[in-house]
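Note sheet for the following structure.
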Protein chains: 2
Amino acid sequence: MALQLDIPAQISPQIPEIQTLSLSDYGKRLPGSPVREILSVSQQPGMISFAGGLPDAVVMPELPQLSSQELASVVQYGTSEGERLLKQQLVSWLSGEGLACEEGQILITSGSQQGLDLAARLLVDPGSEVIVEDPSYLAMLQILNGLGAELLPFTLSGHGNDLDALEQLLQTRQPRMLYLIPTFQNPTGYCYSEQERIDIAQLVDRYGVVLVEDDPYRALNYDGVFTRPICHYVKQSPWIYLGSFSKMLWPGLRTGFMVAHPELYPYLYRAKQATDLHTNRLGQLLIARFLQQGTLPTHIEQLQKHYRSKRDNMHRLLVDYLPKGVSWQSPAGGMFFWLTLEADCQRLLQQGIEAGVVVLPGSSFTIAADGNRCLRLSFSQISLPEMEEGIKRLVMLLS
Amino acid sequence: MALQLDIPAQISPQIPEIQTLSLSDYGKRLPGSPVREILSVSQQPGMISFAGGLPDAVVMPELPQLSSQELASVVQYGTSEGERLLKQQLVSWLSGEGLACEEGQILITSGSQQGLDLAARLLVDPGSEVIVEDPSYLAMLQILNGLGAELLPFTLSGHGNDLDALEQLLQTRQPRMLYLIPTFQNPTGYCYSEQERIDIAQLVDRYGVVLVEDDPYRALNYDGVFTRPICHYVKQSPWIYLGSFSKMLWPGLRTGFMVAHPELYPYLYRAKQATDLHTNRLGQLLIARFLQQGTLPTHIEQLQKHYRSKRDNMHRLLVDYLPKGVSWQSPAGGMFFWLTLEADCQRLLQQGIEAGVVVLPGSSFTIAADGNRCLRLSFSQISLPEMEEGIKRLVMLLS
C-alpha cells in the first residue's frame, strides 16, 4: 500500500470516526493527499518549501484580454466535450508534438486530474489490477486506492527500465490499465527513451492492456530530449492520453484535456457529462485565445530557460552541499529531483518543518519499492536565494 | 429503471460494443443523458425547444471587470475547499436564505452537478438503496444508475406529498441517502410546504438517513413561497446541501457549492481533491466580486420578473391551446411545467423534432411512476413569440 506517509498531526488532523452514517467503500478507502495538506504549512512565513509541484507564477503570461462580446459568449451552458475553438488549437499543437488526432477524440477536462479520475472510474473495479510505475504520481495512487485497485508496481530504475519485468506483469496478470508518466516522470524526473516508448507500445498492443499516458510536463523539456507520446506508437489497443495547461500556462483555470482512442471516447464523454456537465468555458476560451496568438513556442522557450536555470542551480547546490552517499540524477525536464539517501529519512518531513524547510519523503510515492531513503525535491517555484538556504537547512538535518 | 427514453437514432447514436477492453461496472452501467444529447438537435435552425433547463442569457449580468492584479491572483493552483472570498459571501447569503453555516462547511464545486456526483460516490455502493422523488432530476438518476444504486421511488403527487409513504420506506428499507429537490422541483416544479419541510427533517433525524438537498432553483421564486432549506431543520442526521450559481448568474463558469454537516465534510473534501484538485479560481473570483457588489437582491428581482412573465405567458398559452384532458399546475418557481396527458406521448420527442418542436417525455424522469403520459416543458430560455409557435406545433401533434 502507498501513502503511508508519517504526516505530523498539525498537517493532517485525524478525521473523526463516523458514528452515524455508512460511507461507501470508495469513501472509506479514499486516502487524503499529503501534498495538498502540506501546501498550507509550506505557506507559513519563513518556510522554504521543496514540497509542492507548483509552477512559478513569475513565468505565467498575462491572461489574454477578452471583449465583452467574447465574455458573453461563454456564460451559458456549454458542451460536455469542450469548446470547439480550443479543440481545434489542440489538434494542431498535438500534431506538432507527434500525436496526430481528431477533434472528435478530444475531451476538455477540469485539469488532467479529472481526466485521471474519469479514466480510472471507467476502467477500474475493486480488485482490478493496475500496473503503475513505482514510484508514481501520488494523486493517481490516491484515486486508484479509493477505487480499490490492486496496484502492480513496475519498478523505475532511473537508468533505463526493465521491460522484461513489465512484460512479465502483462503476461501473468490481467491488468485493466497500464498507467505511465513517461515524460519527466513525477516523482523521479525520468524520461523514457525513444526505444523504450516503441517497445512499450508493442507490449501494449501484444497484451491488449489500456495505456493511460499522463503527460503534464512535456513542455518543460530543458535538454531537448525525445518526448514523442507512447500513444502515437500504439496500433490497436485502446489508449488515453492526458494533457494539461497547468504547467505551461495557468493552473488556477483548471483546464486540461484527454485524447482517447475512438472506442473509449463515448464512455469518457458520458462520464464527463455525469460528473460535472462540462468544463468551465471562460478558462477554455482564455487558453484558446492564447494558443491562437501563436506565441506558445516563444513562451515555452522562456519557461524552459527559466526552469533550466533553476534545475542547474539546484544540481550545483546539491553537489556542493550534500554529504557523500546521497545520489540523484539531474532531470532533463519537469519539476523534481529524486534523491536517494543512505539512511531512512521518514522523519525529515516533521524535522524539516521544525527547521523551516519542507521536503516530501519518498514513501508517499512508492508501492513496493523502498521509499524510506528517498526524497522528492521540487525546484520549480522556489527562488534561487531560497533554494540555497533551503538546501543548507536540509543538510543540517542530514548530518 | 429510469432513462428508458425512446431517443431517435440521430440524437443518440448507438455506442459500438466494446470488443477489446473491459470497462468497469460503472462504465458499463452509466447511461447517457438524453437532455444533453437533445441540446444539439434543439439548436438546429427553426427548431423551438422546450427541452433544456437553460437559463435565459438575456438576463445574465455582465461579468465584473477584474484588474490585472486580481486576475494574477487566481492563476496559480488554489485550495481544494475553494476561495475564501466566495465562501465568506456564501455564508452571508445562505444565512439570509435560512441556512446558517460556517465557512468550514462550504466546499466550492464545479457546478452542483459535481456536488451530486461527489455525494453519491461517498454514500452509494452497488446495491445501496437510495430514496429519490419520482419523477426526479435526470442527471442524478444517471449518476445513481452508474453507481448501481437501487432506487426507491417516493412518488410526488404535486398536491402535497404522502409522507407516510416516505416513512414506510425509511422504516422498512436501509436507504443510504434521501435525495430531494424540495424547491421548484425538477421536473414537476413542485415546492414543498413549510410543514412538509419540518416533517421531513424529523423523519430524517428519526431514521438517521443522510439527506441530500439539491437546491439550484431557489432564486427563481415567482410567488414568494416559503423555501427555507430542509437542512436547516435537521438536528442530528448528517446532511448535504447543494447550491449553484448556474440559474442565478453564469452556468458557463461551472461554479456551485456544497454545504455539509461537519461529520461528512472531510470526506467530501478528500473526494474533491482526488477528483479535480479544486474548482477553477477565475469563476469563483468573478462570482465573489459580483456578490460583493451587493446587487444580487436587485438582480434576483429582475430574474423573477423576467421568468414570472414567461411562466404566466406559458400558462395562458397552455390554457388557450391545449385540448381538454391535459392537466398541469402552474409552478410557483423554477423553469418547468409538468403536463399529464390522456394518452401515451412517448413518441412526441421524435414526432416533435420532425414538426420543429422539442419536448421531453416524462419517462426520462420517472422510476416507478407512469411517465408515459407526461411531458416536461421548460419555459426559461424560450422567447415569447417562439413559445406561442411552439405550443401551436405541439398541439398539432396532440390532436
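Computed from the coordinates by the stated procedures, all read-outs in this text should not be read as laboratory data. Given the structure is predicted, the values throughout are model-derived calculations rather than measurements. Using ideal geometry, Cβ is built from the backbone for each residue, glycine included, and neighbour counts are taken over all protein chains shown.
Remark: relative contact order (chain A) = 25 percent; criterion is Cα-Cα distance under 8 angstrom and separation of 6 or more residues.
What number comes out for the charge environment of A:Leu180, summing +1 per Lys or Arg and -1 per Asp or Glu over other residues with Cβ under 11 Å away?
Values: positive: A:Arg197; negative: A:Glu133, A:Glu196, A:Glu213, A:Asp214, A:Asp215.
Within the 11 Å Cβ shell, the charges total -4.
For the stretch A:314-361, trypsin sites (Lys or Arg not before Pro) meeting the loop criterion (DSSP other than H, G, I, E, B) and having at most 16 other Cβ atoms within 10 Å: A:Lys324, A:Arg347. Per-residue Karplus couplings for the stretch B:165-173, computed as 6.51 cos²θ - 1.76 cosθ + 1.60 with θ equal to phi - 60°, are listed in order as 5, 5, 4, 4, 5, 5, 6, 9, 10 Hz, Gly and Pro entered as x.
What does the average come to when, for each residue of peptide A:247-253, you count the partner chain Cβ atoms lying within 10 Å of its Cβ? Don't skip to the end; give the middle numbers.
Values: counts 0, 0, 1, 9, 8, 16, 6.
The mean count of partner-chain Cβ atoms within 10 Å per residue comes to 6.
A crude spin-label estimate for the pair A:Gln292 and B:Asp312, with each label 7 Å from Cα along the Cβ direction, gives 4.2 nm. Sorting A:His315, B:His278 by the number of Cβ atoms found within 10 Å of their own Cβ, with the fewest placed first, yields A:His315, B:His278.
Looking at the stretch B:194-318, what % of its DSSP beta bridges pair antiparallel, to the nearest 5? Let's see the in-between values first.
Numbers: 5 of 9 bridges.
Antiparallel bridges make up about 55 percent of those DSSP assigns within the stretch B:194-318.
Is the shape of chain B best called rounded, prolate or oblate, per the rule: a/c under 1.5 gives rounded, else a/b larger than b/c gives prolate, else oblate, with a ≥ b ≥ c the square roots of the Cα gyration tensor eigenvalues? The shape class here is rounded.
Farthest toward the positive end of the dipole of the stretch B:68-292, out of B:Gly256, B:Phe226, B:Gln171, is the Cα of B:Gly256, where the dipole comes from beta carbon charges about the Cα centre. Taking a straight Cα-Cα cut-off under 18 Å and skipping sequence neighbours fewer than 8 places away in the same chain, the lysines within cross-link reach of B:Lys324 are B:Lys392. By the count of other C-beta atoms within 10 Å, a proxy for reagent exposure, A:Ser327, A:Ser128, B:Ser33 are ordered fewest to most as A:Ser327, A:Ser128, B:Ser33.
Would you mind getting me the FRET efficiency between B:Asp223 and B:Glu70? Use the beta-carbon distance for r and R0 = 60 Å, nearest 0.05. All intermediate terms of the calculation are to be shown ahead of the outcome.
Details: r = 39 Å, r/R0 = 0.64.
Calculated transfer efficiency: 0.95.
To the nearest whole number, what is the average tally of beta carbon atoms from other chains within 10 Å of the beta carbons of peptide B:138-144? Don't jump to the answer; show the numbers that get you there.
Numbers: counts 0, 4, 1, 0, 3, 3, 1.
Across the residues of B:138-144, the mean count of other-chain Cβ atoms within 10 Å is 2.
What FRET efficiency, computed as 1/(1 + (r/R0)^6) with R0 = 45 Å and r the Cβ-Cβ distance, is obtained for B:Arg173 and A:Glu342, rounded to the nearest 0.05? Don't skip to the answer; put the middle values down first.
On the way: r = 59 Å, r/R0 = 1.32.
With R0 = 45 Å, the Cβ-Cβ based efficiency is 0.15.
Put a dot 7 Å past the Cα of A:Gln88, heading toward its Cβ, do the same for B:Ala100, and the two dots end up 5.5 nm apart. Inter-chain Cβ neighbour count for B:55-65, averaged per residue, equals 2 (cutoff 10 Å, partner chain atoms only). In terms of its alpha-carbon gyration tensor, the stretch B:67-213 comes out prolate; a/c meets the 1.5 threshold, and the first ratio a/b outweighs b/c.
List the relative contact order of the stretch B:68-292 as a percent without decimals, with contacts defined as Cα pairs under 8 Å and 6+ residues apart. Could you put the intermediate results ahead of the total?
Numbers: 395 pairs, mean separation 64.9, N = 225.
Here the relative contact order equals 29 percent.
Calculate, for B:Glu62 and B:Glu301, the FRET efficiency according to 1/(1 + (r/R0)^6) with r their C-beta to C-beta distance and R0 22 Å; round to the nearest 0.05. Mind showing how you got there, number by number?
Values: r = 17 Å, r/R0 = 0.79.
So, using R0 = 22 Å, E works out to roughly 0.80.
For B:Ser244, the amide hydrogen comes within under 5 Å of the amide hydrogens of B:Phe257, counting only partners 5 or more places away or on other chains and with H modelled in the peptide plane. Residues in the stretch A:83-89 carry Karplus couplings, in order, of 5, 4, 4, 5, 5, 4, 4 Hz; the curve used is 6.51 cos²θ - 1.76 cosθ + 1.60 with θ = phi - 60°, and Gly or Pro positions show x. Using the Karplus relation 6.51 cos²θ - 1.76 cosθ + 1.60 with θ = phi - 60°, the per-residue 3J(HN,Hα) values for the stretch B:206-221 come to 5, 9, x, 7, 7, 8, 10, 9, 9, 9, x, 9, 3, 6, 8, 9 Hz, with x marking Gly and Pro. Fewest-first ordering of B:Arg254, A:Arg308 by other beta carbons within 10 Å of each residue's beta carbon gives A:Arg308, B:Arg254. Amide H contacts under 5 Å for A:Gly333: A:Tyr222, restricted to partners 5 or more places along the chain or on a different chain, H placed in the peptide plane at 1.01 Å from N.
Which entries in B:Lys87/B:Lys247; B:Lys272/B:Lys305; A:Lys247/A:Lys272; B:Lys87/B:Lys310 show an alpha-carbon gap greater than 29 Å?
Working: B:Lys87/B:Lys247 18 Å; B:Lys272/B:Lys305 36 Å; A:Lys247/A:Lys272 23 Å; B:Lys87/B:Lys310 33 Å.
As for pairs spanning more than 29 Å Cα to Cα, those are B:Lys272/B:Lys305; B:Lys87/B:Lys310.
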